[in-house]
Amino acid sequence: MRFLTPSYLLFLLVIPFLIILYMLRVRRKAVLVSSLYLWRRYIKEREQSSILRRLMKDILLLLQILAVLFISIGLAQPTLLISRNTRYIAFIIDASASMECSDLKPSRLAYAKEKAINTLGGLERGDRVAIFQSDNTVTRILDYTEDRGLIKSAIKGITPKDVTGDIQSALLYVEHLDRKPDIIFIFSDGAFSTDIPRDLPVTLYCFNKSNDNVGIINISARDVGVGNEKEVLVVVRNFSSFDRAVPFRLWDGDRIVDNRVLNMKKGETYRIVVGPRIWRGIVRANIYPNDVFPLDDRAYITFPKLKPSVLLVTSGNPYLEASISLSDVGMVDKVESFDPSIASKYDIIIFDGTSPNKVPPGNYLFIGRMPENLPLQVIETKKDPAILNIDTLHPVMRFVDLEGVEIRRGVVFNASQGENLISTSNGALAWSYDGEFGRIIVLGFYPEESSFVEKSSFPIFIRNVIAWLGENPSPSILTTGETLKFRTRQANELVSIVTPSDLLKRTSDEKRVLVFNETSKVGIYSIRSDNGSIDIAANLCSPLESNVSQQVSERKFNGDMVSKEKGKSQANLWYIFALGTLGILFAEGYLFYGRR
Amino acid sequence: MSLLSPEFLSYLERLDILLKRSIRGVSVGERISSRHGRGIEFQDYRSYEIGDDFRYIDWNIYARLDRLFVKLFREEETVNIYVLLDVSSSMDFGTPSKLLFGKEIAASLGYIGLVNYDIVNLCCLSSDIRERLEGLRGRTNTIRLLRFLEDVLPAGTTALNSVMKEIVRSLRGKAIFIVISDLLDPAGYQEGLKMLRGKGYDVFVFHILSEEEISPNIDEEVRLIDAETKEVLELDNYEGIVVGYKKVLERFLREIEDFSSRHNIEYIRASSSIPFERIILYYLRLGGWLR
């Protein structure tokens, strides 16, 4: 016999307390008698004549101790290993967005879970069941086990996600387990078009009653090239088998900017373009079809443009200043000498022909000179260095044409880390670094001492540098379930994320990147860091998922269901102890009240 | 004299302790001796033997039969009455207390002894002979007797056997023993009484029980405390506890009765709740203790 939760055996410590309590229980009334002589004779005769009565005196305590013993052992879940024929069974429960449809009350998923529990009841003892949740990924909720209680609680604990389902991946995953299941039960709504291979031992249950749905299947924004004006495109499709008239509204923050009724034939797709205009807040598209799947009746888009702030340390450089102004920057401050105490206020610091000995971590462009605490070793200052190689794949060098550029003097250096952007025969003339120190670009020559500033490539280079140094990898819109990446100002920075249902705290990594993948709910995710607050929209926008009609038929596996192997299985004994405890408590009560 | 009222004393003067047989006392008194001697009550004749007192020769018979016979007279002697009163702590129990009741019985019997010109000895017993008052004779000692009894206080445990053996060892001559006790002695009482009877003494046992001992009122789980030893006995309350105790008591009393009958001991049992006057004037007379 072994125990699944042996920690409950600590409950046995109650027994000594019970005995002490029993001893202290009765404060008998003191009665003075002339002599105990006759009483002792009486006790002696009674004990001799009635062992049962004597036993009865302490039997209540014995029963109490026995009850504690049984409760402790029962809670510790004793099991016996019994040799049985074992079948391995996989339950795949579809928890994608379409399972939230309300055509079956309260939801398709609730029906699926109930059916799974009923199916569990019909299995044989010794069958081992594993539970898998299928949404945009596959999650093994519970490994193969016979414990029906565990299985039931695992099934009950499954919650839906606002994501596109992928039954095919779930089947692939299950099929590639070390222990392949003898039979696979899929509990889904059948709202997927993937064919289930016939050779798989699959029994598919579908829970689907209606295909009545109109949903937003896309929302996007595009630049129109006029200032910051943008057009917003919303695509709506009628998945119902009949025509629908659906009210549509588009909100910019709390203002309605478009309000119309979409008269849609069955299967028709409607594209709505709103703008161009300058969008100020969170843009929300809503339709009101009163269908079975409300999750795709709303979609969001945000315009989180965090323009980097720039500190230019220079004694005066009109070319550079003009190039910066052409770049997509926010605040630009110009100083002649560097004050480290204000460095943290800026996203990017550009040192033009000057440099402190050491700089704190951050995003820097060094032109002509560089600090000593960079992983660089200056080789020489070379006149007329010849450019041998340009790393055109690097974002900083994209569209930068250095052909015909003459460099009269440049500092050539070797770098132990990072990437060389412009290389000469002796070393690098330009270098980039992306690591825990931040992002750094070093240009080993003064633009004024070359013909670079005269080329159109120079402002492109500066724009690229600023875009790269100030880059934030976060998109403004994503699909539910996608991973969100966000660059923080500092390494290991604590970031608050307000999800549609919760407030979470996460920490960025050493490279200042925060990876967040809990985007399973439709709505706005607000990320609050030292960089400020940024809102990111997560939408379902999935024609596959919005098509809630049943596209596959139920099927039942009629193949060989005979047990494939003989294995040891656990027989739970806790209920025997529970029954024993009940019996003991009943006997205790009977004896206690019977004696009074 | 709070133990006995003057009116009751006057009643007692008419009573006498009834001996089962004539005894041989230590001195001349008012009780008939088993010895032939110089009493006034004629008893028998026997043939003259050399050395007999000529004064007891019956000359009339000599004249008729021509043989010498001497007259024999029943000699009258005093008797030692030993009243052994159990004064252990167990006697200080009951309402009224068994000790008070015992004192009253002892005083009454002692007074009867005094007025009948017997030698009255009082011994207060517990684990040993606590106090004794010996050699009282004549009614002039009544006050001593009563004061002695009034001053006795309960204490100690009961050890009847050892105490009675001790008394017997120090005793010479014949005596009457009146044992007044509750006989609640785990060591028993039999050995001591048997020894008294073995020495040929008349033994009277006056057994006192209180109403609380006869019918204990216990209706819950109780902790019994021994009045003598302060020992504690925890008793679970369940049905039949009093009935069971009464059966034990009944058996105990039957054992005493059987023992007394077997050893020719006069035995009387009484509850301390009965007026002692009624005991003296009615039960003791009915039981043949007094006349």
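The values are calculated or read from the model by the stated rules, or taken from the named source; none is laboratory data. Note that the coordinates shown come from a computational prediction; the quantities given were computed from them, not determined experimentally. A quick note on method: Cβ atoms are made from the backbone with ideal geometry, for glycine too, and the neighbour counts reach across all protein chains shown. Accessible surface is based on the protein model in full, side chains and every heavy atom, while ligands, DNA and RNA are left aside. Shrake-Rupley method; radii C 1.70, N 1.55, O 1.52, S 1.80 Å.
Taking the helices alone, the protein assembly as shown has a mean residue ellipticity at 222 nm of -7500 deg cm²/dmol, built from -39,500 (n - 2.57) per DSSP H run of at least 4 residues and averaged over all its residues. With contacts taken as Cα pairs under 8 Å at a separation of at least 6 residues, chain B carries a relative contact order of 19 percent. For the options B:ILE112, B:ILE143, B:ILE50, a Gaussian network treatment of chain B with springs between C-alpha atoms closer than 10 Å singles out B:ILE50 as fluctuating the most. Entry note, chain A: relative contact order of 17 percent, from Cα contacts under 8 Å with a spacing of 6+ residues.
Note on B:88-98: average number of Cβ atoms from other chains within 10 Å of each residue's Cβ is 2.
Using a 10 Å cut-off around each Cβ of peptide A:351-357, what is the average number of partner chain Cβ atoms that fall inside?
Values: counts 0, 0, 0, 0, 0, 0, 0.
Across the residues of A:351-357, the mean count of other-chain Cβ atoms within 10 Å is 0.
Of the GluC sites (Glu not before Pro) found in the range A:377-464, those that fall in a DSSP loop while having at most 16 other beta-carbon atoms within 10 Å are A:GLU403, A:GLU406, A:GLU436.
With the other protein chains left in place, how much accessible area per residue, in square angstrom, belongs to the range B:59-185 at a 1.4 angstrom probe? All intermediate terms of the calculation are to be shown ahead of the outcome.
Numbers: 4780 Å² over 127 residues.
With all protein chains present, the range B:59-185 gives 38 Å² per residue.
Using the Karplus relation 6.51 cos²θ - 1.76 cosθ + 1.60 with θ = phi - 60°, the per-residue 3J(HN,Hα) values for the range A:74-81 come to x, 5, 6, 6, x, 9, 10, 7 Hz, with x marking Gly and Pro. Specify whether the C-alpha gyration tensor of the range A:222-320 places it in the rounded, prolate or oblate class, a ≥ b ≥ c being the square roots of the eigenvalues: rounded for a/c under 1.5, otherwise prolate if a/b is larger than b/c and oblate if not. Prolate, because a/c is 1.5 or more and a/b exceeds b/c. The peptide list A:264-276, A:201-213, put in order of mean Cβ contacts within 10 Å with the highest first, becomes A:201-213, A:264-276. Bridging of A:LYS358 to lysines at a Cα separation below 21 Å is possible for A:LYS334, A:LYS345, A:LYS511, once same-chain residues fewer than 8 apart are set aside. Along the charge dipole of the protein assembly as shown, Cβ charges K/R +1 and D/E -1, which of A:ILE272, A:SER542, B:VAL163 sits furthest on the positive end? Of the options given, the answer is B:VAL163.
In order along the range A:59-67, the phi-based Karplus estimate (6.51 cos²θ - 1.76 cosθ + 1.60, θ = phi - 60°) of 3J(HN,Hα) comes to 5, 5, 5, 4, 5, 5, 4, 5, 5 Hz; Gly and Pro are listed as x. Which of the aspartates and glutamates could a cross-linker bridge to A:LYS455, judged by Cα under 20 Å and excluding same-chain residues fewer than eight apart? The reachable aspartates and glutamates, counting only those whose Cα sits under 20 Å from A:LYS455, are A:GLU321, A:ASP328, A:ASP352, A:ASP384, A:ASP391, A:ASP401, A:GLU403, A:GLU406. For chain A, the solvent-accessible area with a 1.4 angstrom probe is 49 square angstrom per residue. The A and B chains share an interface that buries close to 3100 Å² of accessible area, total over both sides, probe 1.4 Å. From the square roots a ≥ b ≥ c of the eigenvalues of the alpha-carbon gyration tensor of the range B:244-291, which class results: rounded (a/c under 1.5), prolate (a/b over b/c), or oblate? Oblate is the answer for the range B:244-291, as a/c is 1.5 or above yet b/c matches or exceeds a/b.
If you wrap chain A in the convex hull of its Cα atoms and look at it from every side, the mean projected area works out to 46.2 nm². Just need log10 I(q)/I(0) for the range A:452-528 at q = 0.15, 0.24 Å⁻¹, Debye formula, equal scatterers on the alpha-carbon atoms, no solvent, rounded to two decimals. Per q value, in the given order, log10 I(q)/I(0) is -0.60, -1.09. Taking label positions 7 Å along the Cα-Cβ direction at both B:VAL243 and A:LEU9, the computed distance is 4.9 nm, reported to one decimal.
Heavy-atom accessible area for B:ASP53, with the other protein chains in place and a 1.4 Å probe, reaches approximately 60 Å². For the protein assembly as shown, DSSP calls about 65 percent of its internal beta bridges antiparallel. Ranked by the mean number of other Cβ atoms within 10 Å of their residues, highest first, the peptides B:174-186, A:516-528 come out as B:174-186, A:516-528. In this label model, A:PHE586 and A:LYS209 are separated by 4.3 nm, measuring between points 7 Å along each Cα→Cβ vector. Between the amide H of B:PHE69 and those of B:TYR48, B:ASP58, B:TYR62, distances stay under 5 Å, these residues lying 5 or more places away or on another chain, with hydrogens modeled in the peptide plane.
Across the alpha-carbon set of chain B, the Rg to Rh ratio works out to 1.09, Rh being the Kirkwood radius. Looking at the square roots a ≥ b ≥ c of the eigenvalues of the Cα gyration tensor of the range A:64-210, which shape do they give, rounded for a/c under 1.5, prolate if a/b is larger than b/c, or oblate? Because a/c hits 1.5 or more and a/b exceeds b/c, the range A:64-210 counts as prolate.
Of the listed peptides B:153-164, A:248-259, B:274-285, what is their order by residue-averaged count of other C-beta atoms within 10 Å, with the highest listed first? Write out the running numbers ahead of the final one.
Values: B:153-164: 19.5, A:248-259: 14.7, B:274-285: 17.4.
My ranking of the peptides, most packed first, is B:153-164, B:274-285, A:248-259.
Restricting the range B:164-259 to GluC sites (Glu not before Pro) that sit in a DSSP loop and have at most 15 other Cβ atoms within 10 Å of their own Cβ leaves B:GLU220, B:GLU221, B:GLU231, B:GLU239. Projecting the Cα atoms of A:PRO371, A:SER526, A:SER210 onto the dipole axis of the protein assembly as shown, where Lys and Arg carry +1 and Asp and Glu carry -1 at the beta carbon, places A:SER210 farthest toward the positive end.
Just tell me, in residue order, which DSSP H segments of chain B are both 18 angstrom or longer along the helix axis (alpha-carbon based) and at least 0.0 in mean Kyte-Doolittle hydropathy.
Working: long enough: B:98-115 (25 Å, 1.12); B:241-262 (31 Å, -0.17).
TM-like helix candidates: B:98-115.
For the range A:491-503, 3J(HN,Hα) computed residue by residue from phi via the Karplus equation (6.51, -1.76, 1.60; θ = phi - 60°) reads 5, 6, 7, 7, 10, 9, 10, 8, 8, x, 10, 7, 10 Hz, glycine and proline entered as x. List the GluC sites (Glu not before Pro) in the range A:98-177 that DSSP assigns to loop (not H, G, I, E or B) and whose Cβ has at most 14 other Cβ atoms within 10 Å. Which are they? Within the range A:98-177, the qualifying GluC sites (Glu not before Pro) (loop, at most 14 other Cβ atoms within 10 Å) are A:GLU124.
When chain B is treated as a GNM, springs tying every alpha-carbon pair under 10 Å, which of B:SER90, B:SER108, B:SER170 comes out with the largest mean-square fluctuation? Largest GNM mean-square fluctuation: B:SER170.
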